[in-house]
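Input: a single structure, listed below in structure tokens.
The values are calculated or read from the model by the stated rules, or taken from the named source; none is laboratory data. Treat the numbers as computed from the prediction; the structure is a model and nothing was measured. For neighbour counting, all protein chains shown are included, and Cβ atoms are generated from backbone atoms with ideal geometry for every residue, glycine included. Note: accessible area is taken over every heavy atom of the protein model, side chains too, but ligands, DNA and RNA are not part of it. Shrake-Rupley method; radii C 1.70, N 1.55, O 1.52, S 1.80 Å.
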Amino acid sequence: MTPAIESHEPRSPDSSIATINVGGRLFQTTKQTLALAGSDSLLSTISISSSSDSHVPFIDRDPELFSIIFSLLKKGNLPLRSKAFDLQGLIFECQFYGIESLLLNSLCNPCQFEPFTLEKSMLLNLNGRDSPSSISTTLLGSVHVAHGSKITSFDWSLRQKSTILTQFTAIDSLLAL
């Protein structure tokens, strides 16, 4: 999916500063900060394209969500005010900008979890009537759940990817897939 970027208003004369208009709100940072998003991200593309363009790129997205993503990019973790936003909304925005890995690394930061305030946030959709017997995760955040003779896989945002039926009557452990 290639997002449409329109140009508006003149850019700052300092060539190391990048200005982005997101939903009518202007954000400024250095091009080096935008490059932290990774070479395949929309923000890195904006950093490169703004070198040769004299206009501010316009992205028709929610500026409040972008401010959270912008803070994530600059500091490497989610700000406290991100708790006021829906996690799924943040995931979709990070996917749009191509920085899912930054969000994943931030969410995996153990110092951000408060053990006494954790609560169940999502039920995994498992096919069949069997209860989960084993759960395994990967370094990239995928989750694999054994239930009965089946293994169901989820991506890092817990969207179901596939379910396979094995030859076993029951699976009691998952070591590696």
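Taking into account only those residues within region 119-143 that are open to solvent by less than 100 Å² (accessible area, probe 1.4 Å) and out of contact with any His (no Cβ under 9 Å at 6 or more places or on another chain), which is modelled with the lowest pLDDT? Filtering first and then ranking leaves M122.
With the requirement that a residue be under 26 Å from L103 (Cα atoms), open to solvent by 60 Å² or more (accessible area, probe 1.4 Å) and assigned to a loop (DSSP other than H, G, I, E, B), what does region 157-174 give you? Passing the criteria: L158, R159. Only one entry of S50, S15 meets the criterion of being at pLDDT below 80 and open to solvent by 30 Å² or more (accessible area, probe 1.4 Å), and that entry is S15.
When each of F92, F113 is tested for being open to solvent by 50 Å² or more (accessible area, probe 1.4 Å) and at pLDDT 85 or above, the lone residue that passes is F92.
Answer yes or no as to whether A146 is surrounded by 10 or more Cβ atoms within 10 Å (Cβ to Cβ) and modelled with pLDDT of 90 or more. So A146 passes the test.
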